[in-house]
Amino acid sequence: MLTAIDALERLQIGNQRFVSGERQQDALPIQAQRNELMTGQKPFAVILGCSDSRVPVETIFDQGLGSLFVIRVAGNIVAPSQIGSVEFAAEHFGTRLVVVLGHTHCGAVEATLEELQRPSENQSRNLRSIVDRIRPAVAELLHTDLANNSEALMYHAIRANVRVAASHLRHGSDILEQLIRTDSLLIVGAEYALDTGEVHFFDGAPT
């Protein structure tokens, strides 16, 4: 199993290939890959990302079958089921890297900012559950000068939401906390840029 640092480097190199358009070719035919994975999986990284159709995780990191353990939910929020999924991958597969992946122009973050500024009585209970998990990360931003600049507000809100989600994973699970204490797990935050295809690692990643 790759170390967290090696796994992070592999993701970064894969993303560079995606951005340049020089994607790697599979060494094995798809059928052979499926057959090889029938007996088990060893994903080298966990990605907790947004459900947005413009952010296909395996594609933007140029990875194939069995390489990534992907958890997708609108707004890349962290709820008990997401924490449990990360615990499962870390314990059962020995995966040593977790990436919380946000992205520019995130609709869930935008919806949360709109709800904070113009509360709606018609929002469904299910959508509200997502908004309520993003709200603590972004609410304070509306009390700063960012409230007067919608573009800057979105930029900082998206990154704040990623940071809070990553922190929640680091401190919301005894299992993950223990792995972090023993240097057996690294949790980082990143943002995918829709316009360039680049992934920027900005929270918890080694310099």
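The values are calculated or read from the model by the stated rules, or taken from the named source; none is laboratory data. Since the structure is predicted, the reported quantities are computational estimates derived from the model, not experimental observations. Please note: Cβ atoms are built from the backbone with ideal geometry, for glycine as well, and neighbour counts cover all protein chains shown.
For Glu151, state whether it is within 15 Å of Glu191 (Cβ to Cβ), out of contact with any His (no Cβ under 9 Å at 6 or more places or on another chain) and among the charged types (D, E, K, R). Answer is yes for this residue. Could you tell me which residue of region 79-129 is farthest from Ser51 (Cα to Cα), considering only residues that are among the basic types (Lys, Arg) and out of contact with any strand residue (DSSP E or B) (no Cβ under 8 Å at 6 or more places or on another chain)? Going through the qualifying residues, I end up with Arg118. The listed residues are Asp6, Asp62, and the only one of them that is more than 21 Å from Asp195 (Cα to Cα) and either in contact with a His (Cβ under 7 Å, 6 or more places away or on another chain) or of a type in the set (Asp, Glu) (or both) turns out to be Asp6. The residues of region 1-34 that are in a helix (DSSP H, G or I) and either of a type in the set (Lys, Arg) or touching a residue at least 60 places away in the same chain (Cβ under 8 Å) (or both), listed by number, are Ala4, Ile5, Ala7, Leu8, Arg10, Leu11, Gln12, Asn15, Arg17, Phe18, Val19, Arg34.
Meeting the requirement of 2 or more residues that are within 15 Å of the chain's Cα centre (by Cα), at pLDDT 95 or above and closer than 16 Å to Val164 by Cα, the helices (runs of 4 or more DSSP H) wholly within region 56-117 are 80-92, 107-117.
Here Glu87 fits the description: touching a helix residue (DSSP H, G or I) at 6+ places or on another chain (Cβ under 8 Å), within 30 Å of Gln41 (Cα to Cα) and not hydrophobic (A, V, I, L, M, F, W, C).
When Asp195 is tested against the conditions (1) at pLDDT 95 or above; (2) touching a helix residue (DSSP H, G or I) at 6+ places or on another chain (Cβ under 6 Å); (3) more than 30 Å from His92 (Cα to Cα), the lone failure is (2). From the list Arg163, Arg181, Arg159, the lone residue that is more than 17 Å from Ala45 (Cβ to Cβ), among the basic types (Lys, Arg), more than 15 Å from the chain's Cα centre (by Cα) and modelled with pLDDT of 95 or more is Arg181.
Conditions (1) part of a helix (DSSP H, G or I); (2) surrounded by 15 or more Cβ atoms within 10 Å (Cβ to Cβ), marked per residue:
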residue: Pro119; (1), (2): no, no
residue: Ile130; (1), (2): yes, yes
residue: Arg133; (1), (2): yes, yes
residue: Glu140; (1), (2): yes, no
residue: Glu151; (1), (2): yes, no
residue: Ile180; (1), (2): yes, yes
residue: Thr196; (1), (2): no, no
residue: Ala205; (1), (2): no, yes
